[in-house]
1. Using 0.36 nm per residue, how much length does the chain from A112 to L90 gain when fully extended, once their Cα-Cα distance is taken away?
2. Would you mind getting me the FRET efficiency between V59 and T103? Use the beta-carbon distance for r and R0 = 35 Å, nearest 0.05.
3. Over the residues of the stretch 37-140, compute the C-alpha Rg and express it relative to 2.2 N^0.38 Å.
4. So for each of 112-120, 41-49 I average, over its residues, the number of other beta carbons within 10 Å; can you give me the resulting order with the highest mean first?
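Bear in mind that the values in this text are calculations on the coordinates, not laboratory data. All of these numbers come straight from a predicted model, not from anything done at the bench. We place every Cβ from the backbone using ideal geometry, glycine too, and count neighbours over all the protein chains shown.
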Amino acid sequence: FQAEDGIRDSVASRGLGDVYKRQVASLVENLDKRLLVALRDGSNIIGTLRSFDQFANIVLESAVERIIVGKMFSDIPLGLYIVRGENVVLMGDVGANGDLDGTEGLIEVDNAEIIRAREADQTAEAMKGDILKRMDFLDE
């Protein structure tokens, strides 16, 4: 087998072709399953995997963005959602009933409240960064 980049797989090697085959097999096993997908920008998307391509671009049906701030969480509906493969950091099964969705000990709130909480959290983090920059400036 000749890979696109010219690396030749032999029976003894674990070349790029083998890696690709394992990744495709893994995605095939997850078709029609409810997955949590962690993205590079820090967002977490939950949806049913309906399709994928050779670049690991995926299509999620009935997708929601799971936002967690402190001990609160909310799921913001997204509908049919396409994710570019290069943005996927991690994918995991959450179970058909959502029994593995990681919300134990969290309080579900409405979407408006979680958005306000996330904005307040981002503002607090930005303020913290400014204070640390000023302290670093004073140390010089």
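1. 5.2 nm
2. The formula returns an efficiency of 0.90 here.
3. That works out to 1.34 for the stretch 37-140.
4. 41-49, 112-120
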